[in-house]
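Input: a single structure, listed below in structure tokens.
The values are calculated or read from the model by the stated rules, or taken from the named source; none is laboratory data. These numbers were taken from a predicted model, which means no experiment stands behind them. Every residue, glycine as well, gets a Cβ built from its backbone with ideal geometry; the counts of neighbours run over all protein chains shown. Areas reflect the complete protein model, heavy atoms only, side chains present, ligands, DNA and RNA absent. Shrake-Rupley method; radii C 1.70, N 1.55, O 1.52, S 1.80 Å.
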Amino acid sequence: MKVLQLIDTLQTGGAERLAVNYANGLVRLGVDSHICATRAEGLLLNTIDDSVGYLFLNRSKTIDFRAIFKLRSYLILNKIEIIHAHASSYFFATLVKVTLPRIKIVWHDHYGNSELLSQRPKRVLSLCSLGFSYVFCVNQKLKAWNKEHLFVKKIKYIKNFPVLQKSQKNLTVLKGEGGKRLLCLANLRDQKNHSMLLDAFKIVNNEFPEWSLHCVGKDFDDKCSRQFFSKIKSLKLSRSVHFYNSKADVLNIMSQCEIGLLSSKSEGLPLALLEYGMYGLPVVVTDVGNCRLLVSDKSFGQLIDKNDYMQFAESIKQFILDKDYRLFCADNLNQKVTKDYSEKNVLSDIISIYKSII
């Protein structure tokens, strides 16, 4: 079986990390596994297994004939049977299929704004879906939306799974006092709602000034970014909030923190939450997407209304004050993630689906 994961970039977003996890995990299960980045490389390039075939297209425009035929040649040369297209890469996969009709396309829907599906553009996606053999969705809301709007009968909810890799170089050293660090793994996007996170942390900081907040994620140098750094200054949090941009050594970073946070307005099933659980961090997260499946009650962590920064702050303070409780939650979440969201179980199901398509 020969499968290629297709993704726009190798930056450190959730869809990108999952695409790499698929490529690496499949090769360990005996699949001839490949991955292709169409537009840009990034930090995740160094996490691709040496046994995985790799192609970078350096695509510069929406319809880039040079990139289309470069990928087509690679597919033919390596006898690839399935393109597993992640997120927005479905369009490029469709263009390639026009030139190579025998190729099968599996599309993986990672759409993060699952709370705002009524506003989701669908015309191009619906048209492209005529060429899809299967659709995977990261939560049940996306599955229902796809069943309504796409021309595909085979649509399935597939669990995300975390993979924590040890880094041997360029290890990040976090600022602040050891044993008193809060962590937020999220790119600087409006959807991730860092503004609410800062409002909540300001309350925490007033009572526990020795605790610090550490934000790790890509800075897109846009309006959202400017608002984030401006708010840090206006709330006088510059000494307590630290931003690190994209980092590949997530395992090393989590080892230096006590509590994992996610303040998102909308999610599918955030990989960061699974990574917190896999490592063993207690979590405070907003009740969006499939977060409730993991934090199903207060024995697994704190699940907060997405607009309630006061409750978010109180939950952080509860964990700070009660170490036994936060360790109890962390252990319970770790057991759930380890049992229900394992790489081997998810990928074994994926391989069965691949075989049915071929």
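May I ask you to verify whether Asn307 is in contact (Cβ under 8 Å) with a residue 24 or more places away in the chain, within 22 Å of Lys159 (Cα to Cα) and open to solvent by 10 Å² or more (accessible area, probe 1.4 Å)?
no
Inspect region 222-243 for any residue being over 27 Å from Arg326 (Cα atoms) and at pLDDT below 95 and give the result as yes or no.
There is no residue in region 222-243 that is over 27 Å from Arg326 (Cα atoms) and at pLDDT below 95.
Checking Thr94 against (1) touching a Phe, Trp or Tyr at 6+ places or on another chain (Cβ under 8 Å); (2) open to solvent by 10 Å² or more (accessible area, probe 1.4 Å); (3) over 21 Å from Leu164 (Cα atoms); (4) of a type in the set (Val, Ile, Thr), which test does it fail?
The number of the failed condition is (1).
Collect the residues in region 326-344 that are in contact (Cβ under 8 Å) with a residue 24 or more places away in the chain and over 13 Å from Gly260 (Cα atoms), keeping them in residue-number order.
Those that are in contact (Cβ under 8 Å) with a residue 24 or more places away in the chain and over 13 Å from Gly260 (Cα atoms): Phe328, Asp331, Asn332, Lys336, Val337, Thr338, Asp340, Tyr341, Ser342, Glu343, Lys344.
Which residues, taken from region 228-284, are open to solvent by 40 Å² or more (accessible area, probe 1.4 Å), in a loop (DSSP other than H, G, I, E, B) and without any contact (Cβ under 8 Å) to a residue 40 or more places away in the chain?
Listed by number, the residues that qualify are Lys236, Ser238, Arg239, Asn245, Ser255.
Applying the selection to region 285-294, what residues are assigned to a loop (DSSP other than H, G, I, E, B) and surrounded by fewer than 24 Cβ atoms within 10 Å (Cβ to Cβ)?
Asp287, Asn290
Out of the residues in region 76-128 that are hydroxyl-bearing (Ser, Thr, Tyr) and within 21 Å of Val288 (Cα to Cα), state the one that is modelled with the lowest pLDDT.
Filtering region 76-128 for residues that are hydroxyl-bearing (Ser, Thr, Tyr) and within 21 Å of Val288 (Cα to Cα), the one modelled with the lowest pLDDT comes out as Ser114.
Exactly one of (1) open to solvent by less than 10 Å² (accessible area, probe 1.4 Å); (2) within 28 Å of Gly289 (Cβ to Cβ); (3) in contact (Cβ under 8 Å) with a residue 40 or more places away in the chain is unmet by Thr12. Its number?
For Thr12, the exception is condition (1).
Please determine whether any residue of region 334-356 is outside any helix (DSSP H, G or I), farther than 27 Å from Lys180 by Cβ and among the β-branched types (Val, Ile, Thr).
no
Per-residue answers, yes or no, for (1) more than 23 Å from the chain's Cα centre (by Cα); (2) more than 24 Å from Tyr157 (Cβ to Cβ):
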residue: Ile68; (1), (2): yes, yes
residue: Leu71; (1), (2): yes, yes
residue: Tyr74; (1), (2): yes, yes
residue: Asn78; (1), (2): yes, yes
residue: Ala85; (1), (2): no, no
residue: Phe92; (1), (2): no, yes
residue: Lys97; (1), (2): yes, yes
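Tell me which of these Gln140 doesn't satisfy, since it passes every other one: (1) modelled with pLDDT of 95 or more; (2) under 18 Å from Lys154 (Cβ atoms); (3) open to solvent by 20 Å² or more (accessible area, probe 1.4 Å); (4) not hydroxyl-bearing (Ser, Thr, Tyr).
Going through the list (1) modelled with pLDDT of 95 or more; (2) under 18 Å from Lys154 (Cβ atoms); (3) open to solvent by 20 Å² or more (accessible area, probe 1.4 Å); (4) not hydroxyl-bearing (Ser, Thr, Tyr), Gln140 breaks only (1).
Looking only at region 19-43, filter to residues that are of a type in the set (A, V, I, L, M, F, W, C), assigned to a helix (DSSP H, G or I) and open to solvent by 10 Å² or more (accessible area, probe 1.4 Å); which one of those is farthest from Lys61 (Cα to Cα)?
Val27
Just one of the numbered conditions (1) buried (at least 22 other Cβ atoms within 10 Å of the Cβ); (2) out of contact with any helix residue (DSSP H, G or I) (no Cβ under 9 Å at 6 or more places or on another chain) is not true of Asn206; which one?
(1)
Looking at Arg123, Arg72, which one is over 23 Å from Tyr22 (Cα atoms) and either touching an Asp or Glu at 6+ places or on another chain (Cβ under 6 Å) or open to solvent by 10 Å² or more (accessible area, probe 1.4 Å) (or both)?
Answer to the check: Arg123.
Residue by residue through region 285-304, note down the ones that are free of Cβ contacts under 8 Å to residues at least 12 places away in the same chain and farther than 21 Å from Met196 by Cβ.
Ser296, Asp297
Within region 162-181, identify whether any single residue is in a strand (DSSP E or B) and modelled with pLDDT of 95 or more, and answer yes or no.
Within region 162-181, one or more residues are in a strand (DSSP E or B) and modelled with pLDDT of 95 or more.
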